[in-house]
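Here's the structure we're looking at; comments come further down.
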Amino acid sequence: MLERKIEAAQNELRQVAAEYGADNISVAWTGGKDSTVTLHMWKNILAEMGVECVTALNIDTGCKFPEVLHHRDTLTQDWGIDLTIVRPEVDMSQYPIAQDKITCCADLKIEPLSRGVKQQDIEVLLTGIRKDEHPDRDRPLREQRDRPACLMMHPVLNFTEMDIWAYTMQFNLPYCPLYDSGYRSLGCVPCTKPCDGGEERSGRDGDKEAKMDMLRSLGYF
């Protein structure tokens, strides 16, 4: 079953590469397990095409876990990723982090994402979202968005959490050590905690999770 999902994702990536060209495609890489699988898949497809440079876009909100940033920076060097890091255009020393979840995500995640896509002239953004994570993430494999202004393509949309870990183990992918400490989904520090059973994103802030559809309408993954 997993092999069929991998094959389907690879074929979709080959098709989008043929349609848009590798230079116009980037990976929205968070440093988390799902987008790392997407990054690895895309890296392999580019290798088939004889392309060595893999471009990725990362949103550094200013309140990410140090372990995530270290993993991101280490893997960027080890895999030779051409990584663009975009940051919020707010004064983080004065910003009311996580007080209003919608405003906070809009300022720290959504605006930098849109700005990064525009600055890098990205036509296709490959994400690591999966539809079994959250009801509001059940969407088409490809979706043209106005914000961010690009085609968003979700290669692992039909993967389960177990599929992601099976892929990670099969290809011996490095991953953030926070997953070994009870975290199952990694966001910003104020809105993320280890899971104590329950759903995969039960460690995420419940207020924000309840407003996922609104966040998505603003340009959130």
Any pair with Cβ under 7 angstrom, 6 or more apart, that starts in the range 76-99 at a residue that is open to solvent by 40 Å² or more (accessible area, probe 1.4 Å) and ends at one that is part of a loop (DSSP other than H, G, I, E, B): Asp82/Cys53; Ile85/Asp60; Arg87/Asp60; Arg87/Gly62; Met92/Gly62; Ile97/Cys63
Residue that is β-branched (Val, Ile, Thr) and over 17 Å from the mean Cα position of the chain (by Cα), where the choices are Thr84, Thr103: Thr103
For the range 151-174, what are the residues that are open to solvent by 20 Å² or more (accessible area, probe 1.4 Å) and over 20 Å from Arg201 (Cβ atoms)? Met169, Gln170, Phe171, Asn172, Pro174
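Only residues that are outside any loop (DSSP other than H, G, I, E, B) and open to solvent by 10 Å² or more (accessible area, probe 1.4 Å): list them for the range 119-150, please.
Gln119, Pro135, Asp136, Arg137, Arg142, Glu143, Gln144, Arg145, Asp146, Ala149
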Being hydrophobic (A, V, I, L, M, F, W, C) and over 15 Å from the mean Cα position of the chain (by Cα) is the filter here, so list the residues in the range 33-53 that pass it. Ile45, Leu46, Ala47, Met49, Val51, Cys53
When you go through (1) within 27 Å of Val16 (Cβ to Cβ); (2) among the small types (Gly, Ala, Ser); (3) surrounded by fewer than 21 Cβ atoms within 10 Å (Cβ to Cβ); (4) in contact (Cβ under 8 Å) with a residue 40 or more places away in the chain one by one for Ala106, which number turns out not to apply? (1)
Please go through the range 48-58 and pick out each residue that is in contact (Cβ under 8 Å) with a residue 24 or more places away in the chain and out of contact with any strand residue (DSSP E or B) (no Cβ under 6 Å at 6 or more places or on another chain). Glu48, Met49, Val51, Glu52
Selection status of Gly32, in contact with a helix residue (DSSP H, G or I) (Cβ under 9 Å, 6 or more places away or on another chain), of a type outside the set (D, E, K, R) and within 23 Å of Pro148 (Cα to Cα): yes
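Matching residues to (1) more than 30 Å from Asp91 (Cα to Cα); (2) touching a Leu at 6+ places or on another chain (Cβ under 6 Å); (3) aromatic (Phe, Trp, Tyr):
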site: Asn44; (1), (2), (3): yes, no, no
site: Gly50; (1), (2), (3): yes, no, no
site: Lys64; (1), (2), (3): no, no, no
site: Glu67; (1), (2), (3): no, yes, no
site: Asp73; (1), (2), (3): no, no, no
Could you look through the range 180-213, keep only residues that are of a type in the set (A, V, I, L, M) and at pLDDT below 85, and pick out the one that is most open to solvent (accessible area, probe 1.4 Å)? Ala210
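The values are calculated or read from the model by the stated rules, or taken from the named source; none is laboratory data. Owing to the predicted nature of the structure, the values given are computational and were not obtained by experimental measurement. When we count neighbours, we look across all protein chains shown, and the Cβ atoms used for this are built from the backbone with ideal geometry, even at glycine. Surface accessibility is based on the protein's heavy atoms, side chains included, excluding ligands, DNA and RNA. Shrake-Rupley method; radii C 1.70, N 1.55, O 1.52, S 1.80 Å.
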